[in-house]
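Report on one structure; see the data block that follows.
The values are calculated or read from the model by the stated rules, or taken from the named source; none is laboratory data. Here the structure is a predicted model, which is why all the values come from computation and not from measurement. When we count neighbours, we look across all protein chains shown, and the Cβ atoms used for this are built from the backbone with ideal geometry, even at glycine. Ligands, DNA and RNA are excluded from the accessible area calculation, which covers all protein heavy atoms including side chains. Shrake-Rupley method; radii C 1.70, N 1.55, O 1.52, S 1.80 Å.
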Amino acid sequence: MYKYKDLLEIRTLSAEEIGFLLDTAGPMKEIIKRQIKKVPTLRGKTVVTLFYENSTRTRGSFELAAKYMSADAINISGSSSSVAKGESLYDTGRTLQSLGADVIVLRHPMAGAPELLARSVQAAVINAGDGAHEHPTQALLDMFTVREKKGGLAGLRVAIVGDVLHSRVARSNIWGFTKMGAEVRVCGPATLLPAGVEETGALVFHQLDQALAGADVIMMLRIQKERQQQGLFPGLREYARLYGLNERRLALAAGDALVMHPGPMNRGVEITAAIADSNRAVIEEQVTNGVAVRMALLYLLSGGGAQA
């Protein structure tokens, strides 16, 4: 049973807790497959998505997750709220709580912002990505997708390739897959790998061919152009030549290797269009499973777990 008020990071969760969250998402996916995607489970609850950064998949899936479970969903962006007038995150959170929010889903450019908000409000807080810290729900949906396809996570070889330095997705996935017994490999230019990443238990590679050898899962990370201000690699063409996933490199992995991407993709940079659209890629299934995982979290953090 999930015993926490909030979901702030994967790093502090146990393998048993992660497994419980993934197990809870299973029945939620059955709801998504129905012709009428609606259950009254969270009727009377209010879910607020508070996003200080742009998002399509995460924000949209949280809104759909809330609506599929009959909760009231309110979307607030930093640019269109009182934040633009200088209101602090603390005061914004207190205002949302006074308005009756039961769950606040926060995306913020500063690491630690969801933890600060969680200490300030009684409402449950879900971290939808904070700076370069973590993106726990993305890791959960990635693990759910892999477990669904492979039947388990223990013993798998997972290669995470690209801009690990700026990737909160990578950090959450490293913690998550490692805790669940997988071998995690990270690969990228030295300038895009954080110092001390090997202390997380991940194996570090600088040559992509070596990282992909025998891999069961290949997770390509987006080159975050909006965070690249220091010229950390020569250019996109050079990056694609050395670290882009193409047909030749995919052949180095296991014959049934899964190809993943958290999106949005830079086609032709980190991954070719042919692979992104192939039957080896589970990128669209990641999006679908994201709704199921977020339905499970809204259910548990709204009190569903206490009734289990």
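Computed over neighbours whose Cβ is under 14 Å from that of Asp72, the net charge equals +2, Lys and Arg +1, Asp and Glu -1. Residue ranges 53-63, 245-255, 167-177 sort as 167-177, 53-63, 245-255 when ordered by packing (mean number of other C-beta atoms within 10 Å per residue, highest first).
Mind ranking 136-149, 211-224 by how tightly packed they are, going by the mean number of other C-beta atoms within 10 angstrom, highest first?
Working: 136-149: 24.6, 211-224: 22.1.
Taking the mean over residues of other Cβ atoms within 10 Å, the ranking is 136-149, 211-224.
Surface analysis of segment 3-45 yields an accessible area of 59 Å² per residue, using protein heavy atoms and a 1.4 Å probe.
With all protein chains kept in place, the per residue accessible area of segment 95-214 amounts to 34 square angstrom at a probe of 1.4 angstrom. Kirkwood analysis of the Cα pair distances in the chain returns a hydrodynamic radius of 19.7 Å.
Taking 0.36 nm per residue of separation and subtracting the Cα-Cα distance, full extension of the segment from Met110 to Lys150 would add 10.9 nm.
Carbon and sulfur together cover what percent of the accessible area of segment 166-280 at a 1.4 Å probe radius?
Carbon-and-sulfur percentage of accessible area, whole number: 52.
When +1 charges are put on Lys and Arg Cβ atoms and -1 charges on Asp and Glu Cβ atoms, the dipole computed for segment 49-128 relative to its Cα centre reaches about 120 debye.
Subtracting the Cα-Cα distance of Ala254 and Ala274 from 0.36 nm times their residue separation leaves 5.4 nm of extension gain. Given Thr200, Met28, Leu165, which one lies farthest toward the positive end of the charge dipole of the chain, if we put +1 on the Cβ of every Lys and Arg and -1 on the Cβ of every Asp and Glu? After comparing all options, I get Met28.
Of the peptides 117-130, 194-207, 39-52, the order by per-residue mean of other Cβ atoms within 10 Å, starting with the highest, comes out as 117-130, 39-52, 194-207. List the residues of segment 108-147 whose backbone N lies under 17 Å from a point placed 7 Å from the Cα of Glu87 along the Cα-to-Cβ direction. In segment 108-147, the label zone of Glu87 (backbone N under 17 Å from the point 7 Å along Cα→Cβ) covers 108, 117-118, 120-123.
A Gaussian network model of the chain, with springs between Cα atoms under 10 Å, assigns the largest mean-square fluctuation among Lys38, Lys67, Lys179 to Lys38. One decimal place: the segment Glu198-Arg267 gains 22.0 nm when fully extended, by the rule 0.36 nm per residue minus the C-alpha distance.
Distance between the modelled labels on Thr95 and Ile32, one decimal in nanometres: 3.3 nm (7 Å Cα→Cβ projection). For Gly60, neighbours were defined as the other residues whose beta-carbon sits under 13 Å from its Cβ, and their charges (Lys and Arg +1, Asp and Glu -1) total +4.
What fraction, in whole percent, of alpha-carbon pairs in segment 1-130 exceed 17 Å separation? Of the Cα pairs, 61 percent sit more than 17 Å apart.
When the accessible area of segment 1-117 is computed with all protein chains present and a 1.4 Å probe, what percentage of it is carbon and sulfur?
Taking all protein chains in place, segment 1-117 shows 51 percent carbon and sulfur surface.
For Leu203, the amide hydrogen comes within under 5 Å of the amide hydrogens of Val184, Arg185, Val186, counting only partners 5 or more places away or on other chains and with H modelled in the peptide plane. With K and R counted +1 and D and E -1, the other residues having a Cβ less than 13 Å from that of Leu203 yield a net charge of -1.
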